[in-house]
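See below for the structure under consideration.
What follows is calculated from the coordinates using simple rules that are stated; it is not laboratory data. None of these values were measured; they are calculated from a predicted model. Virtual Cβ from ideal backbone geometry, glycine too; neighbours counted across all protein chains shown.
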């Protein structure tokens, strides 16, 4: 990814760890995940997070694929994760 | 439903008063900043490779290069803008090409009723054709007298000030005219299909 | 993608910071103390009715709610070691156009109640059962979660060789300066290396520039080929340091990063 594209507003999934735990019921930053775009396997804590939007977007740091989107509405939180080939939850 | 805990001394955001209040839609607050909201990295667009295209349900697709686009008749626009994240900014100054001007160059097929704006970086948003015409929308390349900065959507963005600002697609590269409305990036995940701030159409089902 | 989830109910257990399930609830903390670290940085000691042990590197979320229902939430790393029970320290930099930090700095006083939830986040953590050597790299307020690690290390029986590379704008911006000097003076394997990027005082013998590959190479040399690395701070610094370390041969899987948003300028 071009250096110019990484600006100071770009965070990582650690910044939304609380929201992820609220939704998924467990700490997701340590959950192994696989990018449906490029196949990269890594913990979700490494995903880049865009939090200043109308919703939260988690992207693959290698190929920029949108892996997870989350929108909190008055009628519940919508989650879309087509960019996640899998996520591994351990309890 | 439990009563939310109120934090002592926390005022939140100031609400508009007086004349300004009439110009601020429901539940919005006034800002003098211009917050940057993004769903991804800021694209870096090479102007030599930039183009703006109108395609889909048109008799013949048309594309303008950056040089050609700059030659189209442009206007100054002063508009109020409202973001669904609740800030409203009054009297923003833009320079750009009206969508009416752009549509003069194509023959819309009668079935064409909606447009999907598509952008560098992959963002999309859907807008009904009646919301794009009659001076209601433009493609802007200048903001406050200077070239539009990349973080605010430069080199060019769509501006549709009468709808929530997520419809004013940054880094716009074209309009795809369709018969059916195709929900865009945020409309497909809970946001309202049209997004009129004066009816507070924030989320689908509002 | 398929997820299965089993709901659990019941109170938070004392071992909630481990892999055991817990419900992440908001609780009302009381500000027990406010300490000024630097002109723009303060530490807030919060007494928690529902304190549970945390792992160094974790954070708490703070939520502020106005009378009209307007509410805003931000995350702040825990600065204190888990060895201190019943309360936590959150060190917060005042960001001029922020929503929560100006309130904490300008309005909140000792005795005020604040809604918090945590501890959160198991990725960017270190505790003494994990081996070292440790390379900690901080930019500005990114020192906070690393300080929890350093304080925990000081209280632990196993103390791996540790080097902290800490980038600040000026001498006055160094957070925990005295404490870091004191801990490094214990001669128990902790070394602190500062770089001041904007201005240096007369007689300064430390680094005086942005982190670059040469600096990374010099700082990590005593730690060997594959130290455990934690980098925290503004995104451009984190990206630059992580990429630099990979360029000089540190395995990418040994590097953990946490990006903070724009700092006060």
When the gyration tensor of chain C is built from Cα positions, what are the square roots of 5 times its three eigenvalues, in whole Å, from largest to smallest?
-> 30, 23, 18
What the 5 Å binned alpha carbon P(r) of the range A:3-86 shows, as percent of pairs per bin from 0, is 3, 16, 27, 28, 17, 7, 2, 0
How do the peptides C:100-112, C:132-144 rank, highest first, by the average count of neighbouring beta carbon atoms within 10 Å per residue?
-> C:132-144, C:100-112
For chain B, calculated [θ]222 nm from helices alone, where every DSSP H run of n ≥ 4 adds -39500 (n - 2.57) = -1500 deg cm²/dmol
Calculate how large, on average over all directions, the projected area of the Cα convex hull of the range C:134-260 is; give the answer in nm² to one decimal.
-> 7.2 nm²
To the nearest 0.05, the calculated FRET efficiency linking residue B:44 and residue C:85 through their beta-carbon distance, R0 being 45 Å, is 0.35
Top mean-square fluctuation among A:26, A:65, A:73, Gaussian network model of chain A, C-alpha springs under 10 Å?
-> A:73
Between residue B:133 and residue C:129, what FRET efficiency follows from the Cβ-Cβ distance if R0 is 56 Å, with the result rounded to 0.05?
-> 0.25
Added length on full extension, which subtracts the Cα-Cα distance from 0.36 nm per residue, residue C:155 to residue C:252 | 32.0 nm
Alpha-carbon centroid distance for the pair the range C:198-235 / the range C:153-189, whole angstrom = 13 Å
Quick one, what does Rg over Rh come out to for the range C:87-174 if you take C-alpha atoms and the Kirkwood Rh?
-> 1.01
Stretchable slack from residue C:67 to residue C:198, in nm (0.36 nm times residue separation minus alpha-carbon distance) | 43.0 nm
Highest mean packing first, using Cβ neighbours within 10 angstrom, the peptides A:40-48, C:189-197 sort as A:40-48, C:189-197
Of B:190, B:56, B:153, the one that fluctuates the most in a GNM where chain B has Cα springs shorter than 10 Å = B:190
As a check on your grasp of the helix formula, calculate [θ] at 222 nm for chain A: sum -39500 (n - 2.57) over DSSP H runs of n ≥ 4, divide by the residue count, round to the nearest 500.
-> -2500 deg cm²/dmol
Sequence-separation-based contact order of the range C:27-120, relative, with Cα cut under 8 Å and 6+ spacing, percent = 38 percent
Can you give me the relative contact order of chain C as a percent, contacts being Cα pairs under 8 Å and 6 or more apart?
-> 17 percent
When Cβ neighbours within 10 Å are restricted to other protein chains, what is their mean count per residue of peptide C:107-115?
-> 3
Expressed as an acute angle from 0 to 90° and rounded to the nearest 10, what is the orientation of the C-alpha long axis of helix C:235-247 relative to the principal long axis of chain C?
-> 50 degrees
Considering every residue in A:24-34, what mean count of other chain Cβ atoms within 10 Å of its Cβ is obtained?
-> 5
Which order do peptides C:54-65, C:147-158, C:213-224, B:70-81 fall in by mean Cβ count within 10 Å, highest first?
-> C:54-65, C:147-158, C:213-224, B:70-81
Length released on extending from residue B:36 to residue B:70, taking residue separation times 0.36 nm less the Cα-Cα span = 9.7 nm
Which of B:147, B:25, B:130 fluctuates most in a GNM of chain B (C-alpha springs under 10 Å)? That residue is B:130
Inverting the mean 1/r over all pairs of different Cα atoms, compute the Kirkwood radius of the range C:27-120 and quote it in Å.
-> 13.3 Å
Size of the range B:46-199 along its principal axes in angstrom, Cα-based, largest extent first?
-> 40, 35, 28
Peptide B:182-195: average number of partner chain Cβ atoms within 10 Å per residue?
-> 3
The range B:104-176 - Rg over Rh from alpha carbon coordinates, Kirkwood radius | 0.97
State, as an integer percentage, the relative contact order of the range C:134-260 based on alpha-carbon contacts under 8 Å between residues 6 or more apart.
-> 30 percent
Take every Cα-Cα distance within the protein assembly as shown, group them into 20 Å bins from 0 onward, and report for each bin the whole-number percent of pairs it holds.
-> 19, 51, 27, 3, 0
Ratio of Rg to Rh over the range C:180-237 (Cα coordinates, Kirkwood Rh, two decimals) = 0.97
